[in-house]
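Presented below is the structure to which this report refers.
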Amino acid sequence: MDETILVVNCGSSSIKLALFDSNHHKKASALAERLNQSDASARISGDQAPVQLPENACHEQALQALVQAFEDRNLMGGKPVSIGHRVVHGGESFREAVLIDDKAVKAIETCAALAPLHNPVNLIGIQATRKLFPDCPQVAVFDTAFHQTLPPKAYLYALPERYYRDWGVRRYGFHGTSHYFMVLETARRLNKTPATTSIISAHLGNGCSITAIEDGISKDTSMGLTPLEGLVMGTRSGDVDPGLFDYLASRGVNASQAHRVLNQESGLLGLSGQTNDMRSLCELADHGHEPSELAIDVFCYRLAKYFGAMMASLNRLDALVFTGGIGENSARIRAQTIQHLSLLGIGLDADLNAHHGQFSEGHIGDADSRFPVLVIPTDEELVIAREASRLANAN
Ligand code: AMP
């Protein structure tokens with residue numbers, strides 16, 4: 001039986017698991033959702049029957065049940081040879097993936113102050129798999145690590161310097177695993193090495209961020225201290241005037257209410273009043289729902305402005321890249337965004353765009369476009385699996 005690498009991605013109310021073989025081909029995946037709620041559920045991809053969970057199953061129970069279900073179906077091939085965990089915030093402690101030991105766990109705990117919704121559940125996943133597979137090397141792969149190359153002019157906010165020195169207030173950036181994968185894949189498709197490839201990478205899913213990458217290195221990115229800054233997202237506002245908070249306070253909205261509104265009730269959902277789901281929003285707009293059309297306009301316009309802004313951080317550009325659920329699947333969003341960039345000489349081929357670049361290694365730019373435009377499916381799990389086996393083998 002082939003060796004297995006287990007990839008664990010614990011979200012606030014969900015767990016995604018994936019199994020890779022030693023050639024880094026995905027063998028199976030599974031998802032548990034609505035954890036800690038009465039309707040918690042779990043499923044192995046491709047299986048009709050759900051995996052049974054205890055009522056109000058927590059992360060640890062769901063993880064155990066899914067690992068058991070993998071074993072029952074003979075998908076594990078014995079114990080995993082390495083386990084890779086997605087960890088959202090590595091602060092300034094982690095510039096790259098690390099083997100998990102007690103010291104690493106402590107440092108991830110310390111970073112939890114910066115990502116209170118994410119790091120604690122990432123740690124629950126780590127502790128649960130350490131219990132299940134105590135002898136297996138485990139690796140943490142951080143969303144923030146790829147952005148640790150940002151220069152001070154990109155990561156500093158114009159705030160009193162002590163905020164950064166004493167409290168770590170700075171831009172960290174997120175989605176680093178996906179942006180890193182974009183530069184690897186773009187290099188492959190353009191027949192270059194990652195270390196000589198410069199791109200602007202737009203990861204557009206439920207969360208959205210855009211990153212300027214020069215010679216394989218992150219130079220600037222739209223998400224900041226937290227994953228709230230920057231682009232319009234499903235339920236997150238992205239950029240707002242910081243003066244908003246004082247104004248909201250004068251209207252009786254306190255800081256924690258404002259935090260909830262900006263994270264959970266804004267973005268596409270807030271603007272449309274209907275949904276955070278871009279596919280549904282496009283359907284609503286097609287049926288003449290004006291607020292949905294306006295939400296799409298705001299989304300694309302903000303994104304186009306950021307494409308322009310990211311050019312300021314680069315001396316050279318090989319391609320603009322779209323990824324994530326929206327970036328990979330919505331020709332409409334790509335077209336509407338790129339339309340704003342005609343002054344920069346960037347244009348799309350309507351046919352290639354409609355087919356998501358399927359017949360051209362992802363290329364959707366037109367023949368006159370000053371820079372190639374690419375659509376590349378992201379695969380964060382694959383990056384985590386590769387990092388897990390690299391560090392486990394180096395051990
Ligand atoms: P992700 O978080 O990467 O899974 O992306 C989820 C987002 O992708 C949701 O807003 C989906 O509606 C959106 N999405 C997926 N397929 C499409 C599509 N064909 N058209 C527009 N949006 C899509």
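The values are calculated or read from the model by the stated rules, or taken from the named source; none is laboratory data. All of these numbers come straight from a predicted model, not from anything done at the bench. In this analysis, Cβ positions are derived from the backbone assuming ideal geometry, glycine residues included, and neighbour counts consider all displayed protein chains. Areas reflect the complete protein model, heavy atoms only, side chains present, ligands, DNA and RNA absent. Shrake-Rupley method; radii C 1.70, N 1.55, O 1.52, S 1.80 Å.
Below, the figures for the structure above:
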| item | result |
| --- | --- |
| The chain, accessible surface, carbon-and-sulfur percent (1.4 angstrom probe) | 50 percent |
| Shape of region 309-395, Cα gyration tensor, a/c cut at 1.5 | prolate |
| Chymotrypsin sites (Phe, Trp or Tyr not before Pro) restricted to region 303-372 and DSSP loop, no more than 13 other C-beta within 10 Å | F359 |
| Shape of the chain, Cα gyration tensor, a/c cut at 1.5 | rounded |
| Accessible area per residue, Å², the chain with all protein chains present, probe 1.4 Å | 46 Å² |
| Rg/Rh ratio calculated on Cα atoms of region 160-222 (Kirkwood radius) | 1.11 |
| Magnitude of the charge dipole, the chain, Cβ model with Lys/Arg +1 and Asp/Glu -1, debye to 20 | 760 debye |
| Among P372, P194, P152: highest mean-square fluctuation, GNM of the chain, C-alpha pairs under 10 Å | P152 |
| Virtual spin-label span in nm between S22 and A350, 7 Å along Cα→Cβ | 5.3 nm |
| Extension gain from Y164 to D135, taking 0.36 nm per residue of separation minus the Cα-Cα distance | 6.6 nm |
| Gyration tensor verdict on region 1-146 (Cα atoms; rounded if a/c is under 1.5, prolate if a/b is larger than b/c, oblate otherwise) | oblate |
| The chain, relative contact order [Cα under 8 Å, separation at least 6], % | 14 percent |
| Estimated FRET transfer efficiency when R0 is 30 angstrom, pair R251-R279 (beta carbons, to 0.05) | 0.35 |
| The chain: DSSP helices with Cα axial extent of at least 18 Å and average Kyte-Doolittle hydropathy no lower than 0.0 | 119-132, 290-311 |
| All aspartates and glutamates inside 20 Å of K106 as judged from Cα atoms, apart from same-chain residues fewer than 8 positions distant | E60, E92, E96, D135, D143, D166 |
| Sites K79 and E361, calculated FRET efficiency, Cβ-Cβ separation with R0 30 Å, nearest 0.05 | 0.20 |
| Probe 1.4 Å, all protein chains present, accessible-area order of D286, D277, largest first | D286, D277 |
| Amide H within-cut-off set for A57, under 5 Å, with H built and near neighbours excluded | N36, Q37, A40 |
